[in-house]
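Data block below; observations after.
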Amino acid sequence: MNPLFPFIPLLLALPAGTGGQEDPQMPFTEHLDQQQLVTLQWGFNDVQGIITFRLSIRTTGWVGFGFSPNGGMSGSDIVIGGIGPDGKYFSDRYATGNSLPLVDKQQSYTLLSLTEDDGHTIMTFQRSIQSCDREDFHITASSVKLIYAYGTTDDINYHGTRRGTKEVNLLKYMPRTSLPHTEYMDIRVDNITIPPIHTYYHCKVMRLPRLNRKHHIYLIEPAIEHVDLVHHMLLYSCPAFVTETYNGPCYTANNVGNMCFRVMAAWGVGGGDYELPENAGLAIGGEDSDMFYKLEIHYNNPTSEAGRWDSSGMRLYYTDHLRPHDIGILMTGLTVDPRLGYKIPPSAANFHTYGTCNTSLFSKIVDGPVSDLHVFSLVLHTHLAGRKIRAGIFRNGNQVDFLSVDENYNFEMQQVTNVGNIKTIKPGDEIVVECTYSTINRTEFTKMGFATTDEMCLAFLYYYPAIDVNACVSHPNMDNLTAMLEKDKQNSSLDLDAISTYEELLKSIPQTQVASDDRNSEVYTNGIVRNMMKTPSVSCRNAPATLNSLAPRGLSTSWVMTSAGGLILLLLWTAAL
């Protein structure tokens, strides 16, 4: 095993999560009423535009569910179903007022199952996220008012008080727990001096309060003293051999914090507090609780103002009521190391880079068998030249799925990709991350590095159960390109044919793949980049359809949300913005 060379951390965005009863196809759950008599589960696939619902209501009569523009009946898109004396009934309807909804001429919903069990009616159905039917509600990435009603018999008539509404963002869902916010720890710097330079990283290595048994962190709140200075904060756990404190500039020589790599929590500019999903938590405490942690704060001081002080940090809420899963984060993509000499040419409208991960390397790092990894969320990241990012899963050399696709990447909108249907990575699978850049307005080569004007191509996979692998990245064997790169130094641009040849060469030469934990790494020097399939197109649909009929076998991608809700419980390993 080779010693793990250090990476410098980078802030990205928050994971949104799963919640409630676990179902890979419908990982999200919300109670629509206070008594929890009405429960909705859902999951979706944005590229193929299908969303699936499971509605459970404590009744043996008819049940109804819909989308409303204002929380009332008028203008609502509704489905009604049940099991009566003559069997199952189900219909797509629309409401013109406070009266029985009319049957839609175009039945855009497909019934998958309808059962009665232990006094509950359970109705599972699906529809296109975007429909061409003018009577259907178009689901977007904004909150929507969900309405429900039900009866005690199968005569569909006035529901009385058996109705309600709740506003939920179906495509940006983030569940909330009901735990009291009582147990917490504050982690801050103490009145440090901000030097008069544009970019400053301050690190504080400390020992957190001891917890004798395992706990889960479930909520993180930022404590930002100067919002004009603090760009992002990250909290890392340190390996066991780090036993000294430190308080000063990051990444200096002989700094004990340089070996603290595993990100525990983070906050990014514009963010607020963030709560993890109810079925997953960040493990802390127990046998390894007497560990050291590093708080890193990136200060952005563009005017190089002198005489500034700061005491920012974060508050971590934790509980001994453990969730079902410990979360892990896997960094994948292109190795971030300026020493490798990987460069993106100027004057390129669509330049592609690739990073690969061969999960076969995990068995050489992890003690015992490697389990399937269930990915519930992703973060995609490039810098200012990035325009598109795609991440795919390959099994036995063939692509079986898209983990995520972002065809309109925007660096100013830190993005997180939430998996509407949980993705499974099996031992031996390969992960390919493809990034597309535009350097059309640049006159010099752009290197892979840590500055904002440098570039990255990364995807961070949030998954469970957690394993002891932090990163799985790759880079082309640059020794084969030394002569060409030397020639590049003498030119400010390449013609289009040379750019295309250079891109293909970087993709086709052997890839050095590295998988690593906190202390060690495994290397494979003959990796290859698989060819990714085209991104399926999206359009509204006039007719109901099933997932199997709309998508190539096994193919799906996830949906994208911006980090407007903002704080970031990351558990990821990254590189500096």
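Points worth noting:
- Cross-link partners of K172 among lysines (Cα-Cα below 25 Å; sequence separation of 8 or more within a chain): K145, K388, K423
- Other residues within the sphere of radius under 14 Å centred on the Cβ of K426, judged by their own Cβ, net out at -2 (K and R +1, D and E -1).
- In Hz, Karplus ³J(HN,Hα) per residue of the range 111-116 (6.51, -1.76, 1.60; θ = phi - 60°; x = Gly, Pro): 7, 9, 7, 8, 9, 10
- Computed from backbone phi, the HN-Hα couplings of the range 495-503 come to 6, 4, 5, 5, 5, 5, 5, 4, 4 Hz, rounded to whole numbers (Karplus: 6.51 cos²θ - 1.76 cosθ + 1.60, θ = phi - 60°; Gly and Pro given as x).
- With every protein chain in place, the range 279-336: carbon and sulfur % of accessible area (1.4 Å): 46
- A cut-off of 5 Å between modelled amide H atoms, ignoring neighbours fewer than 5 places along the same chain, links C250 with Y201, H202, C203.
- Environment charge of N520, counting only residues whose C-beta is closer than 13 Å and scoring Lys/Arg +1, Asp/Glu -1: -3
- Karplus-derived 3J(HN,Hα) values for the range 120-125, using 6.51 cos²θ - 1.76 cosθ + 1.60 with θ = phi - 60°, are 10, 9, 10, 10, 10, 8 Hz; glycine and proline are entered as x.
- Candidate aspartates and glutamates for bridging to K88, where Cα separation is under 12 Å - those fewer than 8 sequence places away on the same chain excluded: E116, D154
- For G449, distant residues with modelled amide H under 5 Å away: E455
- Rolling a 1.4 Å probe over the protein heavy atoms gives the range 332-380 an accessible area of 32 Å² per residue.
- 17 Å Cα-Cα reach of K364 towards aspartates and glutamates, excluding residues that sit fewer than 8 places from it in its own chain: D372, D429, E430, D468, D517, D518, E522
- The range 22-113, accessible surface, carbon-and-sulfur percent (1.4 angstrom probe): 50
- Value of relative contact order over the range 224-357, rounded to a whole percent, pairs C-alpha under 8 Å and six or more apart: 32
The values are calculated or read from the model by the stated rules, or taken from the named source; none is laboratory data. Everything numeric in this text was worked out from a predicted model, so none of it was measured. Glycine gets a Cβ as well: all are built from the backbone with ideal geometry, and neighbour counts include every protein chain shown. In case anyone asks, the SASA skips ligands and DNA or RNA and just uses the protein heavy atoms, side chains included. Shrake-Rupley method; radii C 1.70, N 1.55, O 1.52, S 1.80 Å.
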